[in-house]
1. Given +1 on the Cβ of Lys and Arg, -1 on the Cβ of Asp and Glu, and no further charges, what dipole in debye does the chain carry about its Cα centre, rounded to the nearest 20?
2. Which order, highest average first, do 72-85, 26-39 follow once you tally other Cβ atoms within 10 Å for each residue and take the mean per peptide?
3. Please list 343-350, 12-19, 429-436, 396-403 highest first by mean number of surrounding beta-carbon atoms within 10 Å per residue.
4. If you line up the long axis of helix 10-20 against the longest principal axis of the chain, both from Cα atoms, how many degrees apart are they, to the nearest 10?
5. So, in Å, what gap is there between the alpha-carbon centers of region 299-329 and region 137-205?
6. Let me make sure I get this right: for region 178-455, a, b and c are the square roots of the gyration tensor eigenvalues over alpha carbons, sorted descending. Under 1.5 in a/c it's rounded, otherwise prolate if a/b > b/c, else oblate. Which is it?
7. Antiparallel versus total DSSP beta bridges in the chain: what percent is that, nearest 5?
8. Hey, what do the phi angles of region 315-322 turn into as Karplus ³J(HN,Hα) couplings, whole Hz, using 6.51/-1.76/1.60 and θ = phi - 60°, x for Gly and Pro?
Amino acid sequence: MRIKEYADTDAGQVMIGLITDTVVCSRISTIWTTEGLFDDPDMNLIARWCLKYMEEYRKPPRDAIKQVFKSWASGKNVSEDRAIVVERKLIELSAASKINTPDTNFALDAAERVFNRVQLEREWDRAETDLETGDPKRAIERMQSLNRIELRSGRLIKPAEEFTPWREAFDPDVSRPLLSYPGSLDEFLGKSMVRDGFVSFMAPDKSFKSIYLLDAAFRGVGNRKRVAFFEAGDLSQKQVIRRISLRAVGRPMYPGQWSVPITVSSTGAVTGTLKETTKIMRAGEAYRAFQKLSRKTDFFRLSCHPNNSLTVAGIESIIRNWVREGWVPDIVIIDYADILAPPSGIRESLDQIDEIWKNLRRISQERNCLVLTATQSSAAAYSKKTPTLGRQHFSGRKTKLAHVSGMVGINVTDVFRNNSVSGLNWIVNREGVWSENYMKVVAGCMAIGNPCIVVSSS
């Protein structure tokens, strides 16, 4: 195999995970054998370096792998030819990891494929030898005793005997927010936007749900995260692109004035600065602005579908195809869950809703990513007597609240709407201290597709 192609293989992705990822290194250390689990002796060598480094320093080697290599290469028994081959592989793996580090679960899935194939081939060769030497009974026993290597799904954990699950739970990468928000909204909202999270916005009809989802996409791209945005039919492709254009360029599509907020009070009163443009936005200008935002890198993928045509299974299929290309999303956004097509084989509408939300939750867990969507509140929300949305305002099946890790209410009064203001409150938040009655008032500028520019001080 050409070394240049190695990093694009399953084995190469596993090796990048071993060098850079705490979880990958920890999990593989629990099933590693003295023989090694790769079919390449150089990869087994590098893997042993990673696992030994993890054991000694409780973190993967990352850039320190270069020093480990130098120490090994200076040994008396290492030939110059082999040192050159190993160094070339390390250089390629290091370069590939800086371009596109594999998602943790993708690397673990790849490891399962590689290691199971290698152990099966090895045992098959040994079984053939048994047959050739006239011992079919031993060949059968050998194949029957073969156990499938599992690194991710349904693994038995013994917390009193294993340190690995503790290390994984306290890994700072797990709790590091993927999205950043202005001012105090970053602590209130942003810190819950993490991997393995499933967060939904809830609001009445035409109350900024899509705007907040697109806003999250922009914030993700700005943080150099890979964002997969699925438009399920609320907007057309042209409408989505136009809204993206407004945000990327930072001004309206047509000549005119708009106001950018400077301050906002808890009652929704806004002070702002007036801006004006005399230009019509052109496609080339919008394209270049988005290229600048994304640094001409494939951080954002948009998949648009007609209403009631996209299923969760369809989303999973599209993501799988992208993952095979090496593009693993950090954030998956669905605009929005209520208009996804129902899963086949389930007739009752409430059961269909439950199945959709369970499956969206599964995506966040299996892909170790943040899943964001939105849902429409009930008719009671239009005439609610409380200042904030609550559990009593959900629509459809109440189990939506059980499946999400967080549900954010978008509260929009007539005064708020006229001033491009919204009030955000946590209806459910598994990870933080929250109250349905506590609301952050946020002012934005819908003329440029930005709902979160300033936050009230109270």
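No value in this document is a laboratory result; all are computed from the given coordinates. These numbers come from a predicted model, not from an experiment. Counting neighbours? That spans all protein chains shown, and the Cβs are built from the backbone with ideal geometry, glycine included.
1. Roughly 1760 debye for the chain.
2. Taking the mean over residues of other Cβ atoms within 10 Å, the ranking is 26-39, 72-85.
3. Result, highest mean first: 12-19, 396-403, 429-436, 343-350.
4. 80
5. Between the Cα centres of region 299-329 and region 137-205 lies a distance of 21 Å.
6. Since a/c reaches 1.5 but b/c is at least a/b, the shape of region 178-455 is classed as oblate.
7. In the chain, DSSP labels about 50 percent of beta bridges as antiparallel.
8. Here the 3J(HN,Hα) series is 4, 4, 5, 5, 4, 4, 4, 5 Hz.
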